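> Okay, handing you the structure first.
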Amino acid sequence: MNLFNSLIEKYKNSKQKSLNKKEFRNLLLEAVSDGKITEEETKGLERKKTELGLTSKEIKDLRIEIYTTAFSAAKSDTQITKDEEKELLKIQNYLGIEDAEIEHNKKELARLRLLNEIQLGNIPEIPLTNFIKQKGEIARWVELASLLEEKVIRRRYEGGSRGMSFRIMKGVSYRVGGHRGHITSETGIVEVGRGDIVLTNKRIVFRGDRKSFATKLNNILDVRVYTNGAYLSENNKSKPRLIKFQDEKNRDIVGAILTHSINHYEE
């Protein structure tokens with residue numbers, strides 16, 4: 001009977017511990033839902049953790065979820081300010097999370113921090129090899145990409161209708177309503193070069209394995225950045241340039257640098 005009572009008591013304790021953990025998780029989520037955590041909130045959470053009889057080890061599995069919630073709140077406007085970054089670091093330290101445990105978030109954080117700096121006009125200068133710069137030219141970004149063009153991808157012959165024919169004399173026929181066949185072409189967007197696109201304060205340069213181009217920013221009539229590439233319309237060029245990014249995650253950085261560089265172009 002004592003063994004049975006002991007098992008019942010362990011079950012009750014386990015059940016209560018689970019409920020306490022769930023309650024503390026909800027409090028943590030509420031505290032970081034704005035991407036911040038105050039000293040008052042951390043003190044309150046510590047008091048509650050003691051009150052619920054929880055140890056840091058018992059809530060260890062909650063830490064990444066809590067940080068991810070705070071990170072999502074901070075980047076909801078697709079950028080991270082220095083103040084927001086400081087708040088995220090405070091949350092990370094409070095939860096006792098190592099950088100390696102949130103490596104993906106840290107990479108995204110660095111990318112968003114860079115985007116915020118670009119939008120403020122603080123665009124980095126990057127080193128480049130095998131790139132001849134013009135006077136006063138500054139390389140600002142390099143992105144792996146492909147150059148696409150509209151090409152004829154298939155041709156076929158479409159024959160004419162036979163019409164109606166009748167014999168006039170032996171070996172001679174006369175055809176009515178017939179017309180000649182003709183060649184039709186089918187076009188499509190194909191890759192004509194693979195390499196990288198270099199953005200500078202003066203030019204857009206594509207360095208490809210089969211085809212390359214360079215155009216000054218003051219020749220650009222229209223730029224459209226899509227989820228997986230960019231459309232460039234140039235002065236005195238009948239067809240637009242079509243660029244496909246090999247990695248889509250930096251499209252907003254490419255767009256921000258292009259926008260700033262075109263708006264602040266100097267000969």
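> One residue is enough: does segment 121-130 have a residue meeting the conditions closer than 30 Å to ASN20 by Cα and surrounded by 12 or more Cβ atoms within 10 Å (Cβ to Cβ)?
Initial filter on segment 121-130 (closer than 30 Å to ASN20 by Cα): none.
Scanning segment 121-130, I find no residue that is closer than 30 Å to ASN20 by Cα and surrounded by 12 or more Cβ atoms within 10 Å (Cβ to Cβ), so the answer is no.
> Being modelled with pLDDT of 85 or more, farther than 30 Å from PRO127 by Cα, among the hydrophobic types (A, V, I, L, M, F, W, C) and within 27 Å of the chain's Cα centre (by Cα) narrows it down to one residue among VAL198, VAL225, VAL190, VAL205; which is it?
VAL190
> In addition: Quick one: is LEU89 of a type in the set (A, V, I, L, M), within 26 Å of VAL198 (Cα to Cα) and assigned to a helix (DSSP H, G or I)?
no
> Considering (1) closer than 19 Å to PHE24 by Cβ; (2) assigned to a loop (DSSP other than H, G, I, E, B); (3) among the aliphatic types (A, V, I, L, M), say which one ILE80 fails and leave the rest.
Every listed condition holds for ILE80 apart from (1).
> Here's a follow-up. When residues of segment 92-133 are filtered for being part of a loop (DSSP other than H, G, I, E, B), under 22 Å from the mean Cα position of the chain (by Cα) and not charged (D, E, K, R), how many remain?
Residues flagged as part of a loop (DSSP other than H, G, I, E, B), under 22 Å from the mean Cα position of the chain (by Cα) and not charged (D, E, K, R) within segment 92-133 amount to 6.
> Among the residues of segment 106-117, are any of a type in the set (Lys, Arg), touching an Asp or Glu at 6+ places or on another chain (Cβ under 8 Å) and under 25 Å from ASN26 (Cα atoms)?
The answer is yes; a qualifying residue exists.
The values are calculated or read from the model by the stated rules, or taken from the named source; none is laboratory data. Predicted model, so just to flag it, every value in this text is computed and none were measured. Positions of Cβ are generated from backbone atoms using ideal geometry, with glycine treated the same way; all protein chains shown enter the neighbour counts.
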